[in-house]
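Engineer: The structure under discussion is supplied below as structure tokens; questions concerning it will follow.
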């Protein structure tokens, strides 16, 4: 049956209305003209409530992540690509190859369609670039004031090859700790985009899909024990999680940890610690010391790991302390951040 | 990073530390108080204590702005936010200080109060201009470092004729706190002071002369970088070895003897001395804090909203008071690290990273930890 004519979505002037989530024609049109058009693939095209996926030969890995960010667009990315990268990375740091994503949108009434279109395009581009398919999704609309523009939850499924066993509880005393690049870019880019810094900043978010980097690494260092992407809470929280899960201590070398000059300067001014800042495209690797050089070379051979470095090692410590040997030769404890990273007063 | 890396040079730091070790008299101890929370933070952040010989003992002083704010003052801000429906603005750390019933301003925000973190009082002023229908209150805290910006915001509010901006003023004075510490019997064991960095850029090095002259304690004003601190410690060791008690200025790149005239003038136009003010840890001290002059009374939140001050005793087990006076170390408090942690602070010293307890919790415990050399990359 040929559908009756309906006016196409006004992507220039239009805004999200409650009807876009009401299950009627407006919603069908939004899904068809925006989401399906951008994510276009055989699974979505089936038009069913879920996606029937082909058999796969390996263990499945599944991860989910809700994405909320203010502002929706920031230097180096937007909530769309962030939602794709974030979940791909959660699957990738399990050692798995990400295959499929599901995406669920909570839209705020009044959100300009132009912005939504840009976000959805960014998701489509990020997913295609990563070779991952967005196979199913959902859209809800809430009244103005009940959300912050758009919230996106993505769920990812990936396949884990036999022989790869990475997990936060696997670190052993003597293992090497590696980091794929400089810390804190995303955190400072977001603060700058919120115009909260009081100064201009050229820092771009590091948002990126890490599965290619992980694949490179695992080929070179298959005995890798732990992979993590230090997002919220920064490297400090991630390393403390690993230390606690593995019942070990970790010692870091401050001089080996890369921080861009702009990020370091912003941290100095605001009293923030780069180790506490969020990253969206960095990888922390813990592997046996004898594979450390191979792992380092593999990371550096990938565009996302050019600035990778060996930053420390795992030690036996039943108190599970993460310590930093400072540039001056002193040391301090790297603790979890107590709350949101708040600037010091003076 | 230019102008920072130079003051963090590892080789120079080691050389300075070695010089200190050579010059200390092994027969005595050097109990030095770093007054300023910024110094406390820098010492733990760079692990400086590990570089120093055992004869040097660093004592954390009361110069952490949020630490010295008593519960009653935060209660005033909470009342404003919860009962007067104002937009309450303050600096980040202030929002996490527990007051009565352990409620914080961030907690009040979760209960629906309009509490906003700002980086500067000028941000609060901007909010007042953007929201003419709302009363915007800036909870002003801190020593002489944060006072001039508050003064500037008030001068601007006056120039703009703003009717909806006011300040809950809790600015306090560094020399008053140092006097209080030296008046205490336990001060006899203190050998000298590492003088504040940013505070001294405002009030000048001459402000410390009475401490050297009348109390016989050397003061060396130091910048916030590791080399600044190490050099200041070396200067203090030399003074003490020679029996001198002088004010020396290590931070000459920023601190002048007379301070910053312009900043002092701004402060004097807007503020006057309070007869007395309650400090956490130090008790009620005469002429130790500032309030708005009568000409600026309309910008004074205490008057605009009728907020009488009610003192509230600290939590019984909390040792913040003794720690702020330099009498106890954080680990000597029996709730340190158990009942009181950075996630659930009981006392104010556990809130800010400049607070002695938070600094020790976050950075200091490692000193007792095992450590092995790192394999070079």
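The values are calculated or read from the model by the stated rules, or taken from the named source; none is laboratory data. Here the structure is a predicted model, which is why all the values come from computation and not from measurement. In this analysis, Cβ positions are derived from the backbone assuming ideal geometry, glycine residues included, and neighbour counts consider all displayed protein chains.
Engineer: Hey, can you tell me all the residues within the stretch B:148-176 that are over 27 Å from residue B:82 (Cβ atoms) and either surrounded by fewer than 24 Cβ atoms within 10 Å (Cβ to Cβ) or within 14 Å of chain A (Cβ to nearest Cβ) (or both)?
Structural biologist: Matches in the stretch B:148-176: B:148, B:152, B:155, B:156, B:158, B:159, B:160, B:161, B:173, B:174, B:175, B:176.
Engineer: Here's a follow-up. Name the helices (runs of 4 or more DSSP H) wholly within the stretch B:19-122 that hold at least 3 residues that are touching a strand residue (DSSP E or B) at 6+ places or on another chain (Cβ under 8 Å) and under 24 Å from residue B:4 (Cβ atoms)?
Structural biologist: Here the list reads B:37-46.
Engineer: Within the stretch A:307-335, how many residues turn out to be more than 7 Å from chain B (Cβ to nearest Cβ) and buried (at least 20 other Cβ atoms within 10 Å of the Cβ)?
Structural biologist: Here the count works out to 6.
Engineer: Mind telling me which of the residues B:233, B:194, B:203, B:181 ends up being under 30 Å from residue B:296 (Cβ atoms) and buried (at least 20 other Cβ atoms within 10 Å of the Cβ)?
Structural biologist: The match here is B:203.
Engineer: Only one of these is modelled with pLDDT of 95 or more, over 16 Å from residue A:167 (Cα atoms) and either surrounded by fewer than 18 Cβ atoms within 10 Å (Cβ to Cβ) or within 16 Å of the chain's Cα centre (by Cα) (or both): A:215, A:235, A:223. Name it.
Structural biologist: Numbers: A:215 fails: over 16 Å from residue A:167 (Cα atoms); A:223 fails: over 16 Å from residue A:167 (Cα atoms).
Criteria check complete, one pass: A:235.
Engineer: From the list B:133, B:144, which one is modelled with pLDDT of 95 or more, part of a loop (DSSP other than H, G, I, E, B) and within 14 Å of chain A (Cβ to nearest Cβ)?
Structural biologist: Answer to the check: B:144.
Engineer: Quick one: which helices (runs of 4 or more DSSP H) sit completely within the stretch B:296-377 and have at least 1 residues that are in contact with a helix residue (DSSP H, G or I) (Cβ under 6 Å, 6 or more places away or on another chain) and modelled with pLDDT under 90?
Structural biologist: Counting at least 1 such residues, we get B:320-324, B:356-363.
Engineer: Can you say whether residue B:320 is within 14 Å of another protein chain (Cβ to nearest Cβ) and under 21 Å from residue B:178 (Cβ atoms), as far as the supplied structure shows?
Structural biologist: Answer is no for this residue.
Engineer: Also, quick follow-up: Name the residue, out of B:207, B:180, B:232, B:212, that is touching a helix residue (DSSP H, G or I) at 6+ places or on another chain (Cβ under 7 Å), assigned to a helix (DSSP H, G or I), in contact (Cβ under 8 Å) with a residue 24 or more places away in the chain and more than 14 Å from chain A (Cβ to nearest Cβ).
Structural biologist: B:207
Engineer: For the stretch B:99-111, what are the residues that are away from chain A (no Cβ under 12 Å) and in contact (Cβ under 8 Å) with a residue 12 or more places away in the chain?
Structural biologist: Hits for the stretch B:99-111 are B:99, B:100, B:102, B:103, B:108, B:111.
Engineer: Taking residue A:304 as the residue in question, decide whether it is crowded, with 22+ Cβ neighbours inside 10 Å, more than 10 Å from every other protein chain (Cβ to nearest Cβ), assigned to a helix (DSSP H, G or I) and under 18 Å from the mean Cα position of the chain (by Cα).
Structural biologist: Working: crowded, with 22+ Cβ neighbours inside 10 Å: no; more than 10 Å from every other protein chain (Cβ to nearest Cβ): yes; assigned to a helix (DSSP H, G or I): yes; under 18 Å from the mean Cα position of the chain (by Cα): yes.
The answer is no for residue A:304.
Engineer: Oh, and also: Please work out if residue A:140 is outside the structural domain of residue A:295 (by TED's automatic domain parsing), over 19 Å from residue A:94 (Cβ atoms) and assigned to a strand (DSSP E or B).
Structural biologist: Numbers: outside the structural domain of residue A:295 (by TED's automatic domain parsing): yes; over 19 Å from residue A:94 (Cβ atoms): yes; assigned to a strand (DSSP E or B): yes.
Against the criterion (outside the structural domain of residue A:295 (by TED's automatic domain parsing), over 19 Å from residue A:94 (Cβ atoms) and assigned to a strand (DSSP E or B)), residue A:140 qualifies.
Engineer: Taking the stretch B:39-57 only, how many residues are over 11 Å from residue B:359 (Cβ atoms) and touching a residue at least 24 places away in the same chain (Cβ under 8 Å)?
Structural biologist: Step one: of the stretch B:39-57, the residues over 11 Å from residue B:359 (Cβ atoms) are B:46-48, B:50-57.
Cutting the leftovers down to touching a residue at least 24 places away in the same chain (Cβ under 8 Å) gives us B:46-48, B:50-53, B:55-57.
Looking only at that region, the number is 10.
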